[in-house]
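Peer 1: Questions regarding the structure given below will be posed in turn.
The values are calculated or read from the model by the stated rules, or taken from the named source; none is laboratory data. Not measured: the values here are computed from a predicted model. Because the Cβ atoms are built from the backbone with ideal geometry, glycine has one as well, and the counts that use them run over all protein chains shown.
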Amino acid sequence: MFFLYNAVLLFPRLGGAVLGAWAKRSTSPTAREWLDRLGHYRQDRGREADVWVQAASVGEVRVAWRLVRALETARPATRILLTTTTRTGQKLAASLGQGAAVDLAFFPLDFPPAVRRALGAMRPRVLALVETEIWPNLLRECGRAHVRTIIVNGRVSPRCFRRYRMVRPLIRRALEHVDLACVQTDEDRSRFLALGLSPDRVRVSGNMKYDLPPEPPPDQVERFRVSLGFGPTRWRPGEDSSSDPLMVAGSTAEGEDHLVLEAFRLARNELPRSRLILAPRHPERFAAAAEEARRQGFSVGFRTSSLHGEAAPSPDVLVLDTMGELPLAYAAAQAAFVGGSLVAAGGQNMLEPASAGLPPIFGPHTENFREPAERLLNAQAALRVSDPHELAEAFTRCLGDAAWTHSAGERARRAVMRAAGATDRCARAIQELL
């Protein structure tokens, strides 16, 4: 199975050799990225790593960063390398890690030579893979190099499970080199067992996404609101306030912005002063989201423009084109829709608005966050919608019924707090392997 897997990778590996030859002769950021992806980690690094943490993209980076902080607290001298698969993940990691003693790099391609170079350069004692990261060559080379491996916050979605079962012999052989999997739910445990992981190597540790960072301090939220042209405090119905009602659509997916904007237009029939912060999940979609808002007749601004004092005052729709400010937007708003859920994208993290005391609104597609969605719905602390009309009704309910929004938001906050603790459990597991 490994022979067949690597045979499929033969042509990409040849292309990687050409890219490597170019990258070694170039000083551009793209060349530096490709050197990382081909395993050439030591050229500008001065130390090896005790723990190598791999996080694919933005959502996994947020989880990984909490794990990094927990490890630093428990073992201050631990040397940590954090790698990401995507550029957006790398950018977020760099913004979170300012001043931290953590090395950052791009994740190597799963080619045997690239993996061997990366392991030889950093010589990690433990490799921690966040969520669903089963890389056959990497895991086999870790086994050969006596590097302990752990999957943290592990999950296998129904879609991934179907795909993995198609190549189960390869996945089973790769999982032979996993020392421990700390998974989110009993269902995830069953799926890992079905894929071939030994029962004594699986623990149900909970979902690390419940371990959210503290809410932004009130003065920071106040400055954020004022910078957008709002009053310093949240709008409440019936109050004479300089603020306008504010709703947020966070982490929207492709094909979803026009649905959210239609709902916003309908909600404005009830609350004509209301405004929307629109936060597409991927930066390459910022301009398209703004264009869609203009097409529907809204005035549009960008967060980066407001930071430089260049924005028009009080646009109807503000595109949040910065990294790391979505928690601030949730803390500043009265209603929050969580994207990737009105279209078949699996949903995004509804725990962030819940921890800010808002009842999250989300669509029918929450496969990636099935357990948190069910937990919040069972606590009567969230609203599920199926189309723009229902989303508009949810927006107006959150904005128009302050008492319900407050009580539901407190239930959401308590539901998050009761499920916390998985990060510390995973950090202790890594310490055991160390």
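Peer 1: Which condition number does residue 149 fail, the rest of (1) part of a strand (DSSP E or B); (2) touching a helix residue (DSSP H, G or I) at 6+ places or on another chain (Cβ under 7 Å); (3) under 26 Å from residue 367 (Cβ atoms) being met?
Peer 2: So residue 149 meets the others, but not (3).
Peer 1: Then there is this: Quick test of your reading of the structure: residue 141 fulfils all but one of (1) outside any helix (DSSP H, G or I); (2) modelled with pLDDT of 95 or more. Name the failing condition by number.
Peer 2: Every condition holds for residue 141 apart from (1).
Peer 1: Name the residues in segment 77-131 that are of a type in the set (Lys, Arg) and closer than 22 Å to residue 431 by Cβ, would you? Lay out the reasoning, then the answer.
Peer 2: In the first step, residues of segment 77-131 are kept if they are of a type in the set (Lys, Arg); the result is 79, 87, 91, 116-117, 123, 125.
If the condition is that a residue be of a type in the set (Lys, Arg) and closer than 22 Å to residue 431 by Cβ, then 79, 123, 125 are the ones that fit.
Peer 1: For segment 209-219, indicate whether the set of residues that are outside any loop (DSSP other than H, G, I, E, B), crowded, with 24+ Cβ neighbours inside 10 Å and under 24 Å from the mean Cα position of the chain (by Cα) is non-empty.
Peer 2: Residues of segment 209-219 outside any loop (DSSP other than H, G, I, E, B): 209-210, 218-219.
The next check asks that each one be crowded, with 24+ Cβ neighbours inside 10 Å; those that pass are 209.
Then keep just the ones that are under 24 Å from the mean Cα position of the chain (by Cα); that gives 209.
Yes, there is a match, as at least one residue in segment 209-219 is outside any loop (DSSP other than H, G, I, E, B), crowded, with 24+ Cβ neighbours inside 10 Å and under 24 Å from the mean Cα position of the chain (by Cα).
Peer 1: OK, next. Restricting to segment 159-168, and then to whatever is surrounded by 11 or more Cβ atoms within 10 Å (Cβ to Cβ) and either small (Gly, Ala, Ser) or in a helix (DSSP H, G or I) (or both), can you tell me which residue is modelled with the lowest pLDDT? Before the answer, list the steps.
Peer 2: Filtering segment 159-168 for residues surrounded by 11 or more Cβ atoms within 10 Å (Cβ to Cβ) gives 159-161, 163-165, 167-168.
When the remaining residues are screened for being either small (Gly, Ala, Ser) or in a helix (DSSP H, G or I) (or both), the result is 159-161, 163-165, 168.
Values: 159: 86, 160: 91, 161: 93, 163: 92, 164: 93, 165: 93, 168: 93.
For segment 159-168, the residue satisfying everything is 159.
Table: residues versus (1) of a type in the set (Phe, Trp, Tyr); (2) more than 28 Å from the chain's Cα centre (by Cα); (3) modelled with pLDDT under 80.
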site	(1), (2), (3)
7	no, yes, yes
19	no, yes, yes
37	no, no, no
55	no, no, no
65	yes, no, no
74	no, no, no
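Peer 1: Return a yes/no flag: does segment 109-126 have any residue that is within 20 Å of residue 183 (Cβ to Cβ) and not polar (S, T, N, Q). Step through it out loud before you land on a result.
Peer 2: As a first pass, look at segment 109-126 and keep what is within 20 Å of residue 183 (Cβ to Cβ): 126.
With not polar (S, T, N, Q) added as a condition, the list becomes 126.
There is at least one residue in segment 109-126 that is within 20 Å of residue 183 (Cβ to Cβ) and not polar (S, T, N, Q).
Peer 1: Is it the case, given these coordinates, that residue 325 is assigned by TED's automatic domain parsing to the domain that holds residue 275 and either touching a Cys at 6+ places or on another chain (Cβ under 8 Å) or farther than 14 Å from residue 249 by Cα (or both)?
Peer 2: Numbers: assigned by TED's automatic domain parsing to the domain that holds residue 275: yes; either touching a Cys at 6+ places or on another chain (Cβ under 8 Å) or farther than 14 Å from residue 249 by Cα (or both): no.
Taking the combined requirement at face value, the residue does not satisfy it.
Peer 1: Please note which helices (runs of 4 or more DSSP H) are completely contained in segment 247-348 and include at least 3 residues that are within 28 Å of residue 215 (Cβ to Cβ) and over 19 Å from the mean Cα position of the chain (by Cα).
Peer 2: On the way: elements: 257-267, 286-295, 303-307, 326-332.
Counting at least 3 such residues, we get 257-267, 303-307.
Peer 1: Can you run down the residue pairs with Cβ atoms below 8 Å, 6 or more apart or on separate chains, where the first is in segment 205-219 and farther than 17 Å from residue 429 by Cα and outside the structural domain of residue 65 (by TED's automatic domain parsing) and the partner is of a type in the set (Asp, Glu) and assigned to a helix (DSSP H, G or I)?
Peer 2: 212/352
Peer 1: Go through 340, 347 for me and flag whichever is in contact (Cβ under 8 Å) with a residue 40 or more places away in the chain, under 30 Å from residue 156 (Cα atoms) and crowded, with 16+ Cβ neighbours inside 10 Å.
Peer 2: 340
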